[in-house]
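The values are calculated or read from the model by the stated rules, or taken from the named source; none is laboratory data. As the structure is a prediction and not an experimental result, all values here were calculated from the model. Cβ placement follows ideal geometry from the backbone for every residue including glycine, while neighbour counts extend to all protein chains displayed.
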Amino acid sequence: MASLEALGLVPDGRMLALNSYENRVYQMGLEDAAPIVVKFYRPGRWTVAALEEEHAFATELAAADIPVVAPLALAGATLHQYEGYFYAIYPRRGGRWPDLDTREDRELMGRFLGRIHRVGATRRFEHRVRFDPIGQTEAAIETIEAGEWLPDYQQDRYAEVAREIGERVADAFEAVMPRTLRIHGDCHRGNILWTDSGAHIVDLDDCATGPAVQDLWMLCAGTPDERRRQWLDVLEGYEQFAVFDRSELALVEPLRAFRMLNYAAWLARRWQDPAFPRAFPWFGAARYWEDHVRELSDQLELLDEPTLRL
């Protein structure tokens, strides 16, 4: 509340912690105004220049009439600091996770991302990270092995499967050499809020320089036939605004494997944060690692399947 008062806002005492692990995010009530959302960034995760670049990208997208929730400019800035913590203020936007179970919804989502990528391709990030699945996969494996998370009987199997996946991810990206642009970076359904009037995207916290397919592949799921139909629908909308290189479809399963490895490493790196043991009490149990290694083995087999053809 003091951080809001420092910007001239008058909180009314209502405060609701929202679901966020990487940062700390609250819905705050204001006197004589609509509630707002305040995000306190995890210290040390991003440089000031990277945070400002994220805000500039969100503002640029909003200025192009793309429904992205951008930070509010208050006191002449979108990034603020209070007692050592950097934070930003956002308008509150409601909505639900999208089902994307109709052709119309998938095409709309494709148009939405096509518009984002058309803007994203007009210039480059200078301070945001470059999406690096090869290096990040190796770092994820090292994090798990160095942390003594694995039961003794799973260590050799994890090392074998994980490093084989790492080699396959590297081979896939070196073969395709995808074009890169400014992307959302973490476009899963939890970062899309759906309303009766359409969708809007929140949380550009992981925006990066990367391939277009990274923002698309998590929208399509199910059997091969179902995924093919979903991809056709998404690209029907997407390609009204941006070109999609079909060769990037060869990266979908490597990206899924990459995400599986990095999710476990993310939990391991954040385990000293008290929020993580409370939210993920199953992490670190022998059963979790048995399931994780088995799922990685199944995913490794999928990397041998033919690439989806559209």
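Here are the numbers for the structure shown:
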| item | result |
| --- | --- |
| Odd one out for Arg106 among (1) modelled with pLDDT of 95 or more; (2) closer than 25 Å to Arg259 by Cα | (1) |
| Tally, over segment 138-161, of residues that are in contact (Cβ under 8 Å) with a residue 24 or more places away in the chain, out of contact with any Leu (no Cβ under 6 Å at 6 or more places or on another chain) and within 19 Å of Arg269 (Cβ to Cβ) | 8 |
| Subset of segment 259-284 [part of a loop (DSSP other than H, G, I, E, B) and surrounded by 12 or more Cβ atoms within 10 Å (Cβ to Cβ)] | Arg270, Trp271, Asp273, Phe280, Phe283, Gly284 |
| Subset of segment 176-213 (residues that are within 13 Å of the chain's Cα centre (by Cα) and of a type in the set (Asp, Glu)) | Asp186, Asp203, Asp205, Asp206 |
| Of all residues making up segment 1-42, the number that are in contact (Cβ under 8 Å) with a residue 40 or more places away in the chain and at negative phi | 18 |
| Selection from segment 203-230 of residues that are in a loop (DSSP other than H, G, I, E, B), under 25 Å from Pro71 (Cα atoms) and touching a Phe, Trp or Tyr at 6+ places or on another chain (Cβ under 6 Å) | Cys207 |
| Meets criteria (modelled with pLDDT of 95 or more and in contact with a strand residue (DSSP E or B) (Cβ under 7 Å, 6 or more places away or on another chain)) for Ile183 | yes |
| Complete set of residues in segment 159-178 that are surrounded by 13 or more Cβ atoms within 10 Å (Cβ to Cβ) and assigned to a loop (DSSP other than H, G, I, E, B) | Pro178 |
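One line per residue, one yes/no per condition, for (1) farther than 30 Å from Ala2 by Cβ; (2) β-branched (Val, Ile, Thr); (3) buried (at least 17 other Cβ atoms within 10 Å of the Cβ); (4) in the same structural domain as Leu193 (by TED's automatic domain parsing):
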residue: His55; (1), (2), (3), (4): no, no, yes, no
residue: Glu60; (1), (2), (3), (4): yes, no, yes, no
residue: Val68; (1), (2), (3), (4): no, yes, yes, no
residue: Pro71; (1), (2), (3), (4): no, no, yes, no
residue: Arg96; (1), (2), (3), (4): yes, no, no, no
residue: Leu108; (1), (2), (3), (4): yes, no, yes, yes
